[in-house]
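Engineer: Quick one: this structure, given as structure tokens, is what I'll be asking you about.
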Amino acid sequence: MNIVVCVKQVPDTWSEKRLDPEDSTLDREATDPVMNEMDEYAVEEALRLQETHGGEVTILCMGPDSATQTVRKALSMGGDRAVHVVDDALHGSDAVATSLVLARAIETIDAVDLVLLGSESSDARMSVVPAMLAERLGRAQLTFAKEVTVDGPTVTIKRLTDDGYQVVEGTTPAVVSVVEKINEPRYPSFKGIMSAKKKPVQTYAVADLGIDPGEVGLSGAWTSVESFELAPPRESGRVVTDDGNGADRLAEKLVEFLASKKFV
Amino acid sequence: MIARGRRPVERHLPTEEAAALLDLTRELASEELAPRVNAYEAESRFPREVFHTIGRAGLLGLPYDERWGGGGQPYEVYLQVVEELATVWATVAEGVSVHTLACYPLAGFGSDEQRDRWLPDLLGGELLGAYCLSEPQSGSDAAALTTRAVVDGDVYVVDGTKSWITHGGEADFYSLLCRTSDEGSRGIACLLVDATTDGVSAAAPERKMGFTGSTTAQMRFDGARVARDRLLGAEGEGFRIALAALDGGRLGIAACAVGLAQNALDVAVAWAGERRQFGRELREFQGVSFMLADMATGVEAGRALYLDAARRRDRGEAFGKSAAMAKLFCTDMAMKVTTDAVQVLGGYGYVQDFPVERLMREAKALQIVEGTNQVQRMVIGRHLTRP
């Protein structure tokens with residue numbers, strides 16, 4: 001069974017993020033880049049499925065040159081090969097354009113049975129790319145999986161919902177997005193890191209995929225950020241000093257306070 | 001306040017792969033070791049699962065040949081991995097050093113057939129090893145050991161007691177030094193004993209001053225039947241194997257001591273930048289900053305000394321004297337630096353809510369293990385006055 005895992009490089013979740021005032025896109029220079037955490041679970045799941053079913057695991061990444069780091073990490077975890085779409089024209093791409101690029105890139109890979117990806121990226125947090133990708137590829141979409149089993153051509157997932165899970169079944173080839181409940185991603189091993197350097201990485205520009213550069217990037221985006229404002233800094237709390245009669249009308253005063261803040 | 005915001009130590013590594021290995025080590029240390037260290041040490045809980053994690057990542061066979069699944073790394077690199085682990089959790093770093101020591105008799109003295117058969121498992125990351133040399137009545141005087149192995153057909157029947165065995169009762173295999181004849185240091189053999197062998201058992205773990213997360217126990221060999229093909233090297237060669245293993249083991253302890261001291265230094269420096277007395281930060285008092293300066297100098301000097309010994313070993317030169325000097329200097333330095341870290345933190349340093357009192361207790365062990373520092377001086381003295 002051949003699997004493609006889409007991975008995205010994002011700013012470290014814990015680092016402070018800034019938008020570039022020039023074009024309202026994320027200032028990627030200002031933060032430590034890491035692999036989107038949810039995608040690590042997708043890589044792990046692909047490797048586990050490969051251990052059972054065999055086949056090849058291909059890592060697919062759309063991102064700038066620096067995203068090579070994320071590609072290497074996925075390969076050092078155990079992916080067999082990688083496809084990296086890197087092109088200045090991609091800067092500022094929205095979800096619609098991203099799904100187009102990923103779909104065209106997947107079509108360059110032979111006999112793909114399953115596409116796995118994290119159900120959201122920790123920077124954009126749209127959660128729409130998996131569905132758009134399935135639509136573009138004309139494949140079954142199984143999203144928010146906390147468990148995946150493959151039996152012949154049948155893919156079954158437990159789809160996480162707010163109050164439990166649904167069992168959803170589809171037929172390969174399919175697109176499956178995973179949530180972090182699905183597994184515990186492995187660390188790359190020292191040998192994995194070494195061998196990752198020798199694994200093949202195919203790079204494409206958007207034109208190589210038959211895409212007009214105008215369809216992607218900021219100019220091709222269906223949505224645009226008009227303006228942005230920084231969240232106001234947190235105000236300090238209000239200290240109420242008990243001058244000896246704090247217990248008097250305590251409940252009343254609390255209600256007054258909560259009402260003034262529109263909590264009740 | 002421990003690992004947070006710590007700046008990585010600047011290292012001169014020989015290869016790009018060594019740099020990648022150190023990055024991996026730091027990642028494992030901050031994500032797998034740091035969240036556990038305080039609770040496990042407080043509860044005297046042995047972190048077996050942590051050894052599985054770092055073993056699978058490839059950290060339990062670093063200085064051995066890739067042919068048998070080792071990492072093919074020079075000591076210069078392997079020891080810096082031990083140091084990085086010790087910067088976060090000395091129990092785990094010491095465990096890596098002891099495991100590596102336990103693999104040495106097979107890797108260094110086993111036949112190719114023996115190495116093909118067992119070494120990939122020992123280095124593969126799933127198994128943990130222990131090294132059985134000391135006995136209740138023979139510590140520094142290792143050649144006086146009395147555990148006996150008697151041939152009976154195709155097995156050795158082993159009887160005796162081994163003391164202070166790190167990983168005793170937790171290990172999967174034991175590199176055992178025992179007596180096959182009465183010819184003193186020339187009557188000792190080394191056996192590779194599987195932990196599941198009948199007649200091998202561990203006493204209750206020792207209740208120690210420090211390294212409480214690590215397990216130390218007496219091992220009993222009571223008519224244990226060990227196949228004769230598990231003899232490493234020749235009968236009578238055991239003492240030579242034991243000493244050669246210890247030369248490498250001492251470097252592991254030296255690296256462990258430097259990491260431990262680095263941790264104490266980092267905590268003390270952070271504290272001196274936060275704590276205010278008399279209207280200024282502690283670091284602005286020369287009395288404190290001079291202490292920090294001496295601590296930092298000790299750590300750097302220790303690192304330089306163990307790396308010099310490691311590089312001698314990697315070049316195939318004699319390194320016994322250098323290893324003894326590194327063990328002596330680094331562990332005495334760690335004792336001083338951790339004691340001073342407690343002093344810098346004052347009352348906070350003396351209580352268990354802050355990590356430095358534990359580091360001070362751990363440092364004490366390192367002055368004793370793999371040959372007390374008095375034995376290191378004997379070794380160094382002997383090298384100096386040898387005709």
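The values are calculated or read from the model by the stated rules, or taken from the named source; none is laboratory data. Not measured: the values here are computed from a predicted model. In this analysis, Cβ positions are derived from the backbone assuming ideal geometry, glycine residues included, and neighbour counts consider all displayed protein chains. We work out accessible area using only protein heavy atoms, side chains counted, and drop any ligands, DNA or RNA first. Shrake-Rupley method; radii C 1.70, N 1.55, O 1.52, S 1.80 Å.
Engineer: Would a scan of region A:147-155 turn up a residue that is in contact with a His (Cβ under 9 Å, 6 or more places away or on another chain), assigned to a strand (DSSP E or B) and closer than 20 Å to A:Glu51 by Cβ?
Structural biologist: Yes, that holds for at least one residue.
Engineer: Looking for whichever is away from chain A (no Cβ under 14 Å), more than 17 Å from B:Leu128 (Cβ to Cβ), open to solvent by less than 40 Å² (accessible area, probe 1.4 Å) and not polar (S, T, N, Q) here; the options are B:Glu76, B:Glu43. Which one fits?
Structural biologist: B:Glu76
Engineer: Filter region B:335-371 down to residues that are among the hydroxyl-bearing types (Ser, Thr, Tyr) and open to solvent by 40 Å² or more (accessible area, probe 1.4 Å) and give me whichever is nearest to the chain's Cα centre (by Cα).
Structural biologist: Ranking the qualifying residues of region B:335-371, first place goes to B:Thr339.
Engineer: Condition first: closer than 20 Å to B:Pro105 by Cα, of a type outside the set (A, V, I, L, M) and surrounded by fewer than 19 Cβ atoms within 10 Å (Cβ to Cβ). Can you find one or more residues in region B:200-216 that meet it?
Structural biologist: No; the residues of region B:200-216 include none that is closer than 20 Å to B:Pro105 by Cα, of a type outside the set (A, V, I, L, M) and surrounded by fewer than 19 Cβ atoms within 10 Å (Cβ to Cβ).
Engineer: Could you figure out which of (1) within 13 Å of the chain's Cα centre (by Cα); (2) at pLDDT below 95; (3) aliphatic (A, V, I, L, M) isn't true of B:Ala143?
Structural biologist: (1)
Engineer: Still on this structure, I have one more. Just checking, which of B:Leu85, B:Leu13, B:Leu59 is within 14 Å of another protein chain (Cβ to nearest Cβ), open to solvent by 20 Å² or more (accessible area, probe 1.4 Å), hydrophobic (A, V, I, L, M, F, W, C) and in contact (Cβ under 8 Å) with a residue 24 or more places away in the chain?
Structural biologist: B:Leu13
Engineer: Further question on the same structure: Can you find, within region A:184-202, the residue that is farthest from the other protein chains (Cβ to nearest Cβ) among those that are part of a loop (DSSP other than H, G, I, E, B) and open to solvent by 40 Å² or more (accessible area, probe 1.4 Å)?
Structural biologist: Out of the qualifying residues, it is A:Pro200.
Engineer: Just one of (1) at pLDDT 95 or above; (2) within 17 Å of B:Leu359 (Cα to Cα); (3) surrounded by fewer than 19 Cβ atoms within 10 Å (Cβ to Cβ) trips up B:Leu33, so point out which.
Structural biologist: Condition not satisfied by B:Leu33: (3).
Engineer: Moving on. Any idea which of (1) touching a His at 6+ places or on another chain (Cβ under 9 Å); (2) within 11 Å of chain A (Cβ to nearest Cβ) is the one B:Glu66 doesn't satisfy?
Structural biologist: (1)
Engineer: A follow-up question, please. Hey, among the residues in region A:140-183 that are charged (D, E, K, R) and touching a helix residue (DSSP H, G or I) at 6+ places or on another chain (Cβ under 6 Å), which one's least open to solvent (accessible area, probe 1.4 Å)?
Structural biologist: Result: A:Lys146.
Engineer: Determine which member of the set A:Thr58, A:Thr52, A:Thr70 is open to solvent by 10 Å² or more (accessible area, probe 1.4 Å) and either out of contact with any Lys or Arg (no Cβ under 7 Å at 6 or more places or on another chain) or modelled with pLDDT of 95 or more (or both).
Structural biologist: From the options A:Thr58, A:Thr52, A:Thr70, the qualifying one is A:Thr52.
Engineer: Still on this model: Could you check, for region A:102-124, whether at least one of its residues is under 12 Å from A:Val216 (Cα atoms), buried (at least 22 other Cβ atoms within 10 Å of the Cβ) and touching a residue at least 40 places away in the same chain (Cβ under 8 Å)?
Structural biologist: yes
Engineer: Pull up region B:20-30, narrow it to residues that are without any contact (Cβ under 8 Å) to a residue 60 or more places away in the chain and more than 10 Å from every other protein chain (Cβ to nearest Cβ), then point me to the one that is surrounded by the most Cβ atoms within 10 Å (Cβ to Cβ).
Structural biologist: B:Arg26
Engineer: Looking at B:Ala270, B:Ala261, B:Ala334, B:Ala257, can you tell me which residue is more than 22 Å from B:Val81 (Cα to Cα) and modelled with pLDDT of 95 or more?
Structural biologist: Exactly one residue qualifies, and that residue is B:Ala270.
Engineer: Which of (1) of a type in the set (Gly, Ala, Ser); (2) within 14 Å of chain A (Cβ to nearest Cβ); (3) within 14 Å of the chain's Cα centre (by Cα) does B:Ala90 not meet, given it meets every other one?
Structural biologist: Unmet for B:Ala90, out of (1) of a type in the set (Gly, Ala, Ser); (2) within 14 Å of chain A (Cβ to nearest Cβ); (3) within 14 Å of the chain's Cα centre (by Cα): (2).
Engineer: Taking the options B:Ser214, B:Ser140, name whichever one is within 21 Å of B:Glu126 (Cα to Cα), not in a strand (DSSP E or B) and not aromatic (Phe, Trp, Tyr).
Structural biologist: B:Ser214
Engineer: I would also like to ask the following. Could you go through region B:188-207 and let me know if any residue there is closer than 27 Å to B:Leu33 by Cβ and among the charged types (D, E, K, R).
Structural biologist: Scanning region B:188-207 turns up at least one residue that is closer than 27 Å to B:Leu33 by Cβ and among the charged types (D, E, K, R).
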